[in-house]
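Just so it is clear, none of the values below were taken in a lab; they were calculated from the coordinates. Given the structure is predicted, the values throughout are model-derived calculations rather than measurements.
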Amino acid sequence: MKYYKLAETEEKFAELIWQKEPIGSGDLVKLSEKEMNWKKSTTYTVLKKLCEKGIFQNENTVVSSLITRDKYYANQSIRFVEDTFGGSLPKFLTA
C-alpha cells in the first residue's frame, strides 16, 4: 500500500477538495481564497504537489480525487500503528 504523507495545510486543502469534488480549478481558487486566504498561485502550487503525490488529478480544469478521504485516513491509521506500536494491534489496544 502506498503511503501518503501530507502537511497540515495540505491536508486542510485536501479536505476542501474532498468536500466539493469534482470542482473546477477556478472555483477551487475562489474557495481556497475564502477558506484559507490563499492566492491563486499558492492554490495551484499546492494542487500540483498533491497531484504529483497521486492523491488528486486536474484534468480539463476539473479537480477530482484519485484516492478517497476514507482511504487516506485509513492509511494514516495503519501507518500510526506501524510507527508507534511496531504494527501490533494488540499493543495499540492495550495502550
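Observations
- Relative intensity of the stretch 8-82 on a log10 scale, I(q)/I(0) at q = 0.13, 0.14, 0.22, 0.24 Å⁻¹, equals -0.36, -0.42, -0.95, -1.11, per a Debye sum over C-alpha point scatterers of equal strength in the absence of solvent.
- Set 39/71; 20/53; 5/49; 12/71 screened for pairs whose C-alpha atoms are more than 18 Å apart: 39/71; 20/53
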